[in-house]
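Here the structure is laid out as structure tokens; the discussion comes afterwards.
The values are calculated or read from the model by the stated rules, or taken from the named source; none is laboratory data. Remember, predicted model here, so these are calculated numbers, not experimental data. Note: ideal-geometry Cβ built from the backbone for every residue, glycine included; neighbour counts use all protein chains shown.
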Amino acid sequence: MKILVTGGLGFIGSHVVVELQNEGFDVVIIDNLSNSYETVLDGIRKISGIAPKFEKLDLRDKALVEDFFKRYDDISGIIHFAASKAVGESVKNPLLYYENNVNSLVYLLQQIQHKDNAHFIFSSSCTVYGRADEMPITENAPIKPAESPYGNTKQIGEEIISDTCEVNDNINAIALRYFNPIGAHESVNIGEFPVGTPQNLVPYITQTSIGLRKQLSVFGDDYPTEDGTCIRDYIHVVDLAKAHVAALNRSIAKKNKDNYEVFNIGTGKGSSVLDVIKAFEKISNKKLNYKIVDRRVGDVVSAYADTKKANDVLGWKANFSLEDGLLSAWKWEQKIRG
Ligand code: UFG
């Protein structure tokens, strides 16, 4: 079965391509290389023994998208990652985010709305919950006003898919709301390449430990948590990748109860920033240079998943620990700087 993975050379996309190929799917990747590299194809081939088909294409160009689907009229499913994802950048340049994240989604859905039976997996985020009132966060938690244009594109994206599914029974869509993805493939052939200064905690930690950054700033230790730092749910990217295969298989096997479903994808375990630092120091056997600074604007105190629906309904659960994720991220950092 032929599956299109948009953004398939990115951090999460590349890990999903590997898992799909391991399961025997025929993968075609579209990526505009705005935040990824063509060499990722080599890493994928080294792991799975198969070089996936790849087209450098910008999904904002509707004519190119139409032409692509004419040439690949046997695509049965799409896993859609291609999107801009930096919260701060989205505040500075909202139109880039709306154009890239919303238009691309619409053009893709237009291509499958008349297919007999189409599977669509959407890369969503726990950011849709905003400042959730209760922990852990269930899929029934209210969608709060978005904290950034990036977050808004994920909310709008879910609405676009839901509205489209409402009138197109032939489309089966599943939105996966990820918590905080970390780590790299155990083979260390693929991982994360943050562009410029990392915004996320784990790449900042590994880059500090390897000497690329002087010091990690811990954004606030006066939050109402046990050690005063914020709590997040760090999910290993390989576990996350497997959730996409589970979602696709659910759709293919027609096990879905509705033709639009959403699942939280996390571990269910909350870890504070200091927990992550301590775990990293242990696995790397090195002290990390960090200091506590002021809170970062926009951070929520706590966000971790209720994973019951993903466990019971999707039949998926996270297997890797925080330590596994940190160790693989550290090995990857050492490899790419080595
Ligand atoms: N943190 C630091 N220092 C850093 C980077 C992060 O202390 O240098 C802290 C943050 O304050 C936060 C935690 O580490 O408490 C995690 O921060 P990340 O930036 O790694 O992740 P976020 O939870 O802020 O961001 C994630 C996704 C975004 C998404 C957002 C929604 O990466 O895509 O959740 O809240 F939009």
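Here ARG45 meets each of (1) within 16 Å of the ligand (Cβ to nearest atom); (2) of a type in the set (Lys, Arg); (3) free of Cβ contacts under 8 Å to residues at least 24 places away in the same chain with one exception, condition (1). So for region 167-184 (the condition being part of a helix (DSSP H, G or I), over 24 Å from SER36 (Cβ atoms), without any contact (Cβ under 8 Å) to a residue 40 or more places away in the chain and of a type outside the set (D, E, K, R)), does at least one residue qualify? Yes. Each residue in region 252-271 was checked for being crowded, with 23+ Cβ neighbours inside 10 Å and under 18 Å from ILE3 (Cβ atoms), and 0 pass. Tell me, yes or no, whether region 287-299 has at least one residue that is within 23 Å of ASP227 (Cβ to Cβ), assigned to a loop (DSSP other than H, G, I, E, B), outside the structural domain of VAL40 (by TED's automatic domain parsing) and touching a Cys at 6+ places or on another chain (Cβ under 6 Å). For region 287-299, residues within 23 Å of ASP227 (Cβ to Cβ), assigned to a loop (DSSP other than H, G, I, E, B), outside the structural domain of VAL40 (by TED's automatic domain parsing) and touching a Cys at 6+ places or on another chain (Cβ under 6 Å): present. I'm trying to understand the selection: among the residues of region 99-125, which are in contact with a strand residue (DSSP E or B) (Cβ under 9 Å, 6 or more places away or on another chain) and outside any strand (DSSP E or B)? SER104, LEU105, LEU108, LEU109, GLN111, ILE112, GLN113, LYS115, ASN117 - these are the residues of region 99-125 that are in contact with a strand residue (DSSP E or B) (Cβ under 9 Å, 6 or more places away or on another chain) and outside any strand (DSSP E or B).
Just to be sure I understand, how many residues within region 160-194 are within 13 Å of the chain's Cα centre (by Cα) and among the charged types (D, E, K, R)? Residues flagged as within 13 Å of the chain's Cα centre (by Cα) and among the charged types (D, E, K, R) within region 160-194 amount to 2.
Scanning region 193-238 for residues that are among the β-branched types (Val, Ile, Thr), surrounded by fewer than 19 Cβ atoms within 10 Å (Cβ to Cβ) and within 12 Å of the ligand (Cβ to nearest atom) yields THR197, THR225. Each residue in region 43-83 was checked for being out of contact with any Asp or Glu (no Cβ under 7 Å at 6 or more places or on another chain), assigned to a loop (DSSP other than H, G, I, E, B) and crowded, with 20+ Cβ neighbours inside 10 Å, and 4 of them qualify. Quick check on region 305-331: of everything there that is among the basic types (Lys, Arg) and within 25 Å of PHE280 (Cα to Cα), which residue is farthest from the chain's Cα centre (by Cα)? The selected residue is LYS331. Looking at this structure, is VAL195 touching a residue at least 12 places away in the same chain (Cβ under 8 Å) and not hydroxyl-bearing (Ser, Thr, Tyr)? Yes; evaluated as a whole, the condition is true for this residue. Within region 310-338, the set of residues being in contact with a Ser or Thr (Cβ under 7 Å, 6 or more places away or on another chain) and surrounded by fewer than 18 Cβ atoms within 10 Å (Cβ to Cβ) comprises just one member, LYS317.
The single condition among (1) surrounded by 14 or more Cβ atoms within 10 Å (Cβ to Cβ); (2) under 25 Å from SER148 (Cα atoms) that VAL297 does not satisfy is (1). Screening the candidates PHE11, PHE25 for the property of being under 20 Å from TYR97 (Cβ atoms) and either in contact (Cβ under 8 Å) with a residue 24 or more places away in the chain or touching a Cys at 6+ places or on another chain (Cβ under 8 Å) (or both) yields one hit, PHE11.
If I ask for residues that are away from the ligand (no atom under 16 Å from the Cβ) and not in a loop (DSSP other than H, G, I, E, B), which ones from region 300-315 would you list? Across region 300-315, the qualifying residues are LYS308, LYS309, ALA310, ASN311, ASP312, VAL313, LEU314. Only one entry of ALA329, ALA318, ALA246 meets the criterion of being touching a Gly at 6+ places or on another chain (Cβ under 8 Å) and in a loop (DSSP other than H, G, I, E, B), and that entry is ALA318. Just to be sure I understand, how many residues within region 249-261 are over 22 Å from ASP163 (Cβ atoms) and in a helix (DSSP H, G or I)? The total comes to 2.
When GLU226 is evaluated against the numbered criteria (1) part of a helix (DSSP H, G or I); (2) touching a residue at least 12 places away in the same chain (Cβ under 8 Å); (3) over 30 Å from LYS2 (Cα atoms), which criterion, by number, is the only one it fails? Result: GLU226 passes all but (1).
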